[in-house]
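Worksheet: the structure to be examined is printed underneath.
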Amino acid sequence: MGARDTQDKALCRTPTPGKQPVRIPRWKYDRVRAAVLDAILAGGSLAFRDLRDAIAGRIPPAEAAHIGSLSWHATTVKLDLEARGLVRRLPGRGPQRLALAPDGYRPFQVDVLSPLAPEPLLDRLLSADAARGWSAPLGVPETIEIAPWPGGRLFMRHRRGEGAIEHDGMVLADTPPGRVSLLWDVVGAAAPDYLVFTASRDRGGARLTLDGLLHPRWAAHLDGTRKTWRALLDGVAAPRDPD
């Protein structure tokens, strides 16, 4: 992963009224946040008692040693995600279970074929240079920034006519050779989508599949979202960017 800024701190809130927030290094927060969201995303829901082990399976031991107590950090970040409305507790009796919030995410799927092998195909997805080409359906790229590791931030600004559209998000997981997951949002909307990309060998190349969860705010735009991502994935799947 990239260089760590030990001075930048993240304020972790709690859904419990009157309880004071705590501050932890931003790099720890981002790394654990990515692992928590990916663990819930992968299973659809997750028992709280399994959260620590799910995090440990997504953070290499050497990196986990620098974070410290995974149980404490997982709980602290989970509570902050609840307070921010990104994670919710499922109703019912019995052990606490976690799911993405709010309720009502709309699933969608897009897949394309590529002459590329699975690993370089997903490398293009997380390459800022390649993204200047494959993101062209969003507009004329002005700024493309991708930190290509779990917990890394992404930001894209594209010019559209007289205006511009900005997206930001986070890399949740990058599991070679065939899986990448992202949080993806329109800047200022606070209505993130969750995107899981898998690549598998197919017909001498690879099939790139996107399994997405569309935020309820964008439910009326499901068909348009699917068409946009098909155009984007066609660009990712191309053997090279157009001249």
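FYI, it's all coordinate maths here, none of it is from the lab. Note that the coordinates shown come from a computational prediction; the quantities given were computed from them, not determined experimentally. Please note: Cβ atoms are built from the backbone with ideal geometry, for glycine as well, and neighbour counts cover all protein chains shown.
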**Fill in**
For the chain, longest principal axis from Cα atoms; helix 222-237 axis from its Cα atoms; angle between them, nearest 10 degrees, is 70 degrees
**Complete:** Quick note on 187, 236, ordering by fewest other C-beta atoms within 10 Å, gives 187, 236
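Once the other residues with Cβ under 12 Å from the Cβ of residue 95 are scored (Lys, Arg +1; Asp, Glu -1), what is the net sum?
For residues surrounding residue 95, the net value is +3.
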**Request:** Please give, to one decimal in nm, the separation of the simple spin-label points placed at residue 42 and residue 202, each 7 Å out from Cα toward the Cβ.
**Result:** 2.2 nm
**Asked** Can you give the angle from 0 to 90° between the axis of helix 26-43 and the longest principal axis of the chain, with both taken from C-alpha atoms, to the nearest 10?
**Response** 80 degrees
**Request:** Could you list the residues of region 87-112 with an amide nitrogen less than 19 Å from a label point located 7 Å from the Cα of residue 50 in the Cα-to-C-beta direction?
**Result:** 87-101
**Request:** Specify the residue with the greatest mean-square fluctuation among 93, 226, 13, computed from a Gaussian network of the chain linking alpha-carbon atoms under 10 Å apart.
**Result:** 93
**Request:** Would you mind calculating the relative contact order of region 1-109 from Cα pairs under 8 angstrom and at least 6 residues apart, reporting the percent as a whole number?
**Result:** 28 percent
**Request:** Determine, for 167, 73, 221, the number of other Cβ atoms within 10 Å of each Cβ, and report the residues in order from fewest to most.
**Result:** 221, 167, 73
**Message:** Please rank 228, 16, fewest neighbouring Cβ atoms within 10 Å first, as an exposure proxy.
**Reply:** 16, 228
**Asked** Using the Cα atoms of region 27-126 to build a convex hull, what is its mean projected area in square nanometres?
**Response** 8.2 nm²
**Complete:** Candidates 199, 101, 219; GNM for the chain (alpha-carbon contacts under 10 Å) flags as most fluctuating 219
**Request:** Any chance you could tell me what percent of the C-alpha pair distances in the chain go past 25 Å?
**Result:** 44 percent
**Item:** Cα-based convex hull volume of region 106-237 per residue, rounded to whole Å³
**Value:** 95 Å³
